[in-house]
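This report refers to the structure that appears directly beneath it.
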2 protein chains.
Amino acid sequence: FRPTIIVHGGARQFTPDTRDLVQEGVKAAARQGYAELTKGGSAMDAVVAAVSAMEDNTVFNAGHGSRLNLKGQVEADAIVIDGRNLGSGAVCGLQGCSNPVQLARLVMEKTNHCLLTADGAREFMESQGIAAVPSSELVTERARIELEQHVKFSSAVENLVAPRSAPPPSSSCDTVGAVAMDANGNLAAATSTGGITAKLPGRVGDSPIIGSGAYADNTVGAVSTTGCGESIMKVCLARRVGELLEKGKTAQEAAEHALEFMSGRVGGAAGVIVLSQYGNAGACEVGHHFITENMAWAAIDEGQLRWGVDPGQEMNEII
Amino acid sequence: FRPTIIVHGGARQFTPDTRDLVQEGVKAAARQGYAELTKGGSAMDAVVAAVSAMEDNTVFNAGHGSRLNLKGQVEADAIVIDGRNLGSGAVCGLQGCSNPVQLARLVMEKTNHCLLTADGAREFMESQGIAAVPSSELVTERARIELEQHVKFSSAVENLVAPRSAPPPSSSCDTVGAVAMDANGNLAAATSTGGITAKLPGRVGDSPIIGSGAYADNTVGAVSTTGCGESIMKVCLARRVGELLEKGKTAQEAAEHALEFMSGRVGGAAGVIVLSQYGNAGACEVGHHFITENMAWAAIDEGQLRWGVDPGQEMNEII
């Protein structure tokens with residue numbers, strides 16, 4: 001089987017100052033995930049490495065650099081899914097964790113559960129020998145400013161008793177994620193996020209939810225999503241992409257049709273990355289689509305790195 | 001449209017001392033939900049009333065009578081879904097709440113979010129003027145004994161270094177749920193649970209997850225599930241029932257096929273209740289199926305109450 005990975009760095013409208021950083025970040029993350037695959041690692045190793053790289057990069061809304069809730073806290077959501085057996089681990093509402101995706105993997109490997117929340121997730125983290133980090137280590141200046149702007153904007157709207165208008169563009173979501181196929185033909189998916197700026201404390205989005213933030217099944221395909229979490233959850237977006245693959249749609253068609261259904265039925269914008277089940281030639285199809293202004297993505301397949309940020313854009317280089 | 005409701009009181013092996021109580025409990029809950037429908041209430045009013053009745057009844061594992069986590073605490077998960085617009089509200093890991101399903105409805109109606117967890121959910125509860133109740137009000141003697149037995153059983157197994165065997169029958173799940181269609185042809189679903197005995201603190205199961213613990217879409221049908229939460233989540237069981245309805249299966253077939261898929265792909269046992277989309281005659285199909293020893297269910301349709309506990313059992317009376 002031909003090792004393949006695709007990652008996303010969030011669907012949103014990128015501001016000029018972050019655009020290049022996000023682009024470089026997804027390329028680096030795809031390379032780190034792909035390096036796992038070429039040295040014999042599993043699809044799970046690859047997606048965790050790729051997502052960890054983005055959690056460590058403060059330009060992304062996951063791990064370091066996570067958006068802040070109304071109280072100025074980082075509350076992380078993350079998930080991993082193993083396409084071999086549908087095994088899954090996830091965490092939500094988790095404070096003080098540098099790499100939530102790695103803890104999600106430990107939930108899968110070390111417990112009989114799929115999802116741990118809040119203090120329980122944190123106690124589990126400490127039981128695994130991972131120390132909680134002080135909040136200040138995860139909070140960036142960018143996140144703090146975004147929260148301030150958002151709160152100011154909301155109060156302004158409320159004071160005017162005006163009809164609800166859209167929040168400032170910078171506050172849209174940019175969850176990160178990765179899906180991969182390894183040399184054994186196994187699939188995996190991972191997604192990680194700090195959620196939306198100024199969310200109510202305790203708000204959990206789509207990212208840690210099987211079938212919403214991610215899906216993976218060797219007999220179907222693997223999916224990671226990003227965007228308006230509530231819209232994604234209402235239509236089980238990731239599972240819906242899987243349903244379309246089962247019906248014979250290509251990875252690209254499945255991504256497009258699922259997003260079309262979502263925006264038609266419940267509104268909201270999002271993006272998805274998809275790998276189809278491996279075909280006879282040992283290669284899987286790669287697809288991605290977004291109905292936001294931008295989505296940073298990068299894919300590596302047969303020694304070729306492809307990436308883009310704008311609709312229809314596809315750059316590439318040989319690696 | 002012909003108002004219809006079906007409720008479940010959990011899929012498990014019932015012990016002789018609880019069997020009658022559970023049976024009476026689901027019948028009473030179905031009647032309470034149906035009463036909302038006959039006085040012009042919405043499907044949402046009906047499922048919340050039915051589930052609240054079971055949360056108030058200590059024989060069920062939801063609200064009062066919830067199973068306890070490893071620390072002896074009640075941590076509740078609950079969800080509601082409105083089939084008109086796929087609107088949903090849910091809570092998870094919530095302590096000190098008498099009627100989690102009512103709070104789930106408030107999340108849907110009063111916030112822009114779908115899911116609130118732990119302390120955040122509790123703060124939201126208090127902001128809505130609902131006082132937290134002391135843990136002791138929710139903890140029953142039955143739940144305490146079950147936790148003790150489970151912990152004893154687990155230590156025994158660990159001390160023997162024996163292969164993992166099944167936990168005692170009393171510790172299986174018995175989440176409650178309801179789905180209904182109102183006179184306007186609208187569908188709704190609700191599910192509520194205390195989770196599994198001796199769960200890790202913070203463990204979240206399938207119940208508060210759209211597409212796992214419940215699903216509702218006027219154009220498809222409505223579903224509530226109960227059973228091994230981790231298995232249900234891995235296959236998005238409720239959404240999967242919806243997919244089968246979309247493919248033209250009857251409510252009964254969809255319930256059976258989805259459970260067959262689950263047990264074949266990931267193992268575990270569960271039960272589901274289903275209403276199909278309303279047909280031309282203004283009536284929806286009612287289905288239920290379980291692959292556990294027992295599932296308590298009760299349905300009311302055209303003035304007839306039907307119920308059962310054992311596989312194949314169906315009692316009925318005119319109301």
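Being of a type in the set (Gly, Ala, Ser), farther than 19 Å from residue A:84 by Cα and not in a helix (DSSP H, G or I) holds for only one residue in A:9, A:25, A:41, and it is A:9.
I'd like to verify a number: residues in segment B:78-94 that are within 22 Å of residue A:119 (Cβ to Cβ) and within 10 Å of another protein chain (Cβ to nearest Cβ), how many? Residues meeting the conditions: 5. Among residues of segment B:126-138 being hydrophobic (A, V, I, L, M, F, W, C) and farther than 20 Å from residue B:68 by Cβ, the one that is farthest from the other protein chains (Cβ to nearest Cβ) is B:131. Looking across segment A:102-119, the residues that are free of Cβ contacts under 8 Å to residues at least 40 places away in the same chain, under 24 Å from residue B:268 (Cα atoms) and crowded, with 24+ Cβ neighbours inside 10 Å come down to A:107, A:113, A:116. Of all the numbered requirements in (1) more than 10 Å from every other protein chain (Cβ to nearest Cβ); (2) surrounded by 24 or more Cβ atoms within 10 Å (Cβ to Cβ), residue B:99 misses one, and that requirement is (2). Scanning segment B:226-269 for residues that are outside any helix (DSSP H, G or I) and more than 13 Å from chain A (Cβ to nearest Cβ) gives B:226, B:227, B:248, B:249, B:250, B:269.
Applying the criterion of being touching a Ser or Thr at 6+ places or on another chain (Cβ under 6 Å) and facing another protein chain (nearest Cβ under 8 Å) to the residues of segment A:201-225, the residue that is nearest to residue B:218 (Cα to Cα) is A:210.
Would you mind stating whether residue B:19 is at pLDDT below 95, in a loop (DSSP other than H, G, I, E, B) and farther than 30 Å from residue A:124 by Cβ? Judged against the criteria, residue B:19 is not a match.
Quick one: count up the residues across segment B:1-58 that are of a type in the set (Phe, Trp, Tyr) and either surrounded by fewer than 18 Cβ atoms within 10 Å (Cβ to Cβ) or in contact with a Cys (Cβ under 9 Å, 6 or more places away or on another chain) (or both).
The qualifying residues number 1.
When segment A:276-291 is limited to residues that are within 16 Å of the chain's Cα centre (by Cα) and closer than 17 Å to residue A:26 by Cα, the one that is surrounded by the most Cβ atoms within 10 Å (Cβ to Cβ) turns out to be A:290.
The values are calculated or read from the model by the stated rules, or taken from the named source; none is laboratory data. This structure is a prediction, so every number in the text was calculated from the model and none was measured. When we count neighbours, we look across all protein chains shown, and the Cβ atoms used for this are built from the backbone with ideal geometry, even at glycine.
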